[in-house]
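Student: Got a structure for you, written out below as structure tokens; questions coming shortly.
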């Protein structure tokens with residue numbers, strides 16, 4: 001199985017994003033902020049024990065969802081502001097001895113992205129997002145989620161929630 005580690009977002013905001021995605025027939029893994037992407041993690045869940053140990057030492061912290069932005073013409077996202085999130089990312093990578101991506105870590109919440117056989121109108125989605133997602137919340141993060149892909153080419157689903165500071 002393939003895994004990734006994600007940051008949950010407030011349920012009411014997650015629902016708004018899912019409704020927006022459905023309007024444009026963009027169906028994918030539930031809205032989240034990626035902490036460690038799938039290629040970085042092993043295919044077995046043996047890494048989870050070390051992630052739990054890191055999370056025990058991290059107290060809950062604030063995350064601010066900010067502006068709507070783009071990575072080129074492929075990805076529409078909401079920017080994320082949280083120095084503590086950058087610290088958590090660093091500590092997990094160190095604990096698991098993972099190699100950092102060359103482009104660096106830019107915390108973000110993907111709204112929609114281009115896929116090879118399923119094009120979407122990023123500009124149109126952006127226009128709707130600027131209306132529907134006008135209020136970007138600040139919230140306290142109390143846990144992270146390990147997601148897994150039950151079978152190849154399927155969406156990732158929650159596998160395990162790991163609390164912070166416990």
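Computed from the coordinates by the stated procedures, all read-outs in this text should not be read as laboratory data. Everything numeric here is computed off the predicted structure, so don't read it as measured data. All Cβ positions, even for glycine, are placed from backbone atoms using ideal geometry, and neighbour counts span all protein chains on display.
Student: Report P(r) for the range 34-89: all Cα-Cα distances, bin width 10 Å, range 0 to the bin holding the largest distance, values in whole percent.
Tutor: Per 10 Å bin, starting at 0, the Cα pair percentages come out as 18, 40, 31, 11.
Student: Now a separate question. Which value at 222 nm does the chain reach when only helices count, each DSSP H run of 4 or more adding -39,500 (n - 2.57), with the total divided by all residues and rounded to the nearest 500 deg cm²/dmol?
Tutor: On the way: 4 runs with 47 residues, N = 166.
After summing the helix terms and dividing by residue count, I get -8500 deg cm²/dmol.
Student: Can you give me the Cα centroid spacing of the range 1-16 and the range 67-131 in angstrom?
Tutor: So the two Cα centres are separated by 13 Å.
Student: Using a 10 Å cut-off around each Cβ, can you sort 43, 84 from fewest to most neighbouring Cβ atoms?
Tutor: Values: 43 11, 84 15.
Ordered by Cβ neighbours within 10 Å, fewest first: 43, 84.
Student: Still on this model: Whole percent per 5 Å bin, from 0 to the bin with the longest distance: what is P(r) over all C-alpha pairs of the range 71-165?
Tutor: Over the range 71-165, the share of Cα pairs per 5 Å bin runs 2, 9, 14, 19, 21, 19, 11, 3, 0 percent.
Student: Using a Gaussian network model of the chain with C-alpha springs under 10 Å, which one of 125, 144, 33 is most mobile by mean-square fluctuation?
Tutor: 125
Student: Would you calculate the convex hull of the Cα atoms in the range 1-80 and tell me its volume per residue in Å³?
Tutor: 126
Student: A follow-up question, please. Compute the long axis of helix 122-132 from its Cα atoms, compare it with the longest principal axis of the Cα atoms of the chain, and write down the angle in degrees, 0 to 90, nearest 10.
Tutor: 80
Student: Here's something else I'd like to know. Over all pairs of distinct alpha carbons, what does the Kirkwood formula give as the hydrodynamic radius of the chain, in Å?
Tutor: 16.5
Student: Listing 1, 160 from the residue with the fewest other Cβ atoms within 10 Å to the one with the most, what is the order?
Tutor: Working: 1 13, 160 16.
In increasing order of surrounding Cβ atoms, one gets 1, 160.
Student: Among 123, 152, 30, which comes first, then next, by fewest other beta-carbon atoms within 10 Å? Spell out each step's value before the answer.
Tutor: Working: 123 10, 152 7, 30 17.
Listing 123, 152, 30 from fewest to most nearby Cβ atoms yields 152, 123, 30.
Student: Using alpha carbons only, how many degrees (0 to 90, rounded to 10) separate the axis of helix 83-96 from the longest principal axis of the chain?
Tutor: The answer is roughly 50 degrees.
Student: Measure nothing but the geometry: give the 0 to 90° angle between the long axis through the Cα atoms of 11-23 and the longest principal axis through the Cα atoms of the chain, rounded to 10°.
Tutor: Tilt of helix 11-23: around 40 degrees.
Student: Using alpha-carbon pairs under 8 Å, 6+ residues apart, how would you state the relative contact order of the chain in percent? Intermediate results must be reported in sequence, preceding the final value.
Tutor: Numbers: 285 pairs, mean separation 57.4, N = 166.
So the answer I get is 35 percent.
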